[in-house]
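The values are calculated or read from the model by the stated rules, or taken from the named source; none is laboratory data. Predicted model only: the values in this text are computed from it and were never measured. Glycine also receives a Cβ, built like all others from the backbone with ideal geometry; neighbour counts cover every protein chain displayed. Just the protein is used for accessible areas: all its heavy atoms, side chains included, with ligands, DNA and RNA removed. Shrake-Rupley method; radii C 1.70, N 1.55, O 1.52, S 1.80 Å.
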Amino acid sequence: RAWDLTMYVNYHFLRWESFGLDIGMRVRPQQLARFGSVIFEPRFRASYAPAPALVFHGAAGWYSQEVTKLMNETDVISIFEPWIIVPDYLRASDAAHFVVGIEYDLSERVSLNVEGYYKPMFNLFEVNEKKFTAGAPDHVNVAGTSYGVECSVKWLTDAVLMQASYTLSRARLNIGGVSYTPRYDVRHVVNVNAGLELGD
């Protein structure tokens, strides 16, 4: 098995300016992994603008991944991280995504965006810490969750773009009833971006 067949169908609702709706479906009749995830992956996004300066939005969807990185969480520095198709004895990883947010224009040039998300994850790929014999599997499937809130402010003029954001997030993995924080979990993240239009 070394090929994948994926199709995507999308419906975009354009009738009203204050309401937007996108409904999509990713269909995967042929998958790379032997034990792939679901064949149908629904996607949904909606937005509502009760006023020109205010927009509420939400999205949900199911996503899967059949390739993974060979890495060990206990490594301080991983020099070589090859990507492989999920081995035949494991299930492919998948996750549900839920996002809600609000956008508000403080002025013609300044806008505020606050967004929250929650993501339960299934069949993630981790090193088997209980591999005591040569016949035991090298990796195991684990479950996890990720959730957080992001707040960003954007200032835009004809020549300058400035954006600052703060994210408060948390990620957890669960192996055999034991819950722990993975190494990619970062509690606080601050980003500042700036752009300048230099003209022709």
(request) Would you mention how many residues in segment 171-200 are open to solvent by less than 80 Å² (accessible area, probe 1.4 Å) and either among the aromatic types (F, W, Y) or in contact with an Asp or Glu (Cβ under 9 Å, 6 or more places away or on another chain) (or both)? (result) 7
(request) State the number of residues belonging to segment 145-159 that are more than 23 Å from the chain's Cα centre (by Cα) and open to solvent by less than 80 Å² (accessible area, probe 1.4 Å). (result) 2
(request) Test each condition in (1) touching a residue at least 12 places away in the same chain (Cβ under 8 Å); (2) among the aliphatic types (A, V, I, L, M); (3) in a loop (DSSP other than H, G, I, E, B) for V153 and report the one that comes out false. (result) (3)
(message) Can you say whether E108 is among the charged types (D, E, K, R), closer than 24 Å to E150 by Cα and at pLDDT 90 or above, as far as the supplied structure shows?
(response) no
(message) Restricting to segment 156-191, count the residues that are in a strand (DSSP E or B), under 30 Å from S111 (Cβ atoms) and among the hydroxyl-bearing types (S, T, Y).
(response) 4
(request) Could you list, in sequence order, all residues of segment 88-144 that are open to solvent by 40 Å² or more (accessible area, probe 1.4 Å) and among the hydroxyl-bearing types (S, T, Y)? (result) Y89, Y104, S107, Y117, Y118, T133
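From the set of residues in segment 61-87 that are in a strand (DSSP E or B) and open to solvent by 30 Å² or more (accessible area, probe 1.4 Å), which is modelled with the highest pLDDT?
Residues of segment 61-87 in a strand (DSSP E or B): 61-65, 67-69, 83-85.
From what's left, open to solvent by 30 Å² or more (accessible area, probe 1.4 Å): 62-63, 65, 67, 69, 83-85.
Working: W62: 92, Y63: 89, Q65: 81, V67: 77, K69: 72, W83: 75, I84: 75, I85: 78.
My answer is W62.
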(request) For segment 11-26, name all the residues that are not in a strand (DSSP E or B) and not hydroxyl-bearing (S, T, Y). (result) L14, R15, W16, E17
(request) Mind listing whichever residues of segment 1-48 are at pLDDT 90 or above, among the aliphatic types (A, V, I, L, M) and over 13 Å from G61 (Cα atoms)? (result) V9, L21
(request) May I ask you to list the residues in segment 160-200 that are under 17 Å from F122 (Cα atoms) and over 19 Å from the mean Cα position of the chain (by Cα)? (result) I175, G176, G177, V178, S179, Y180
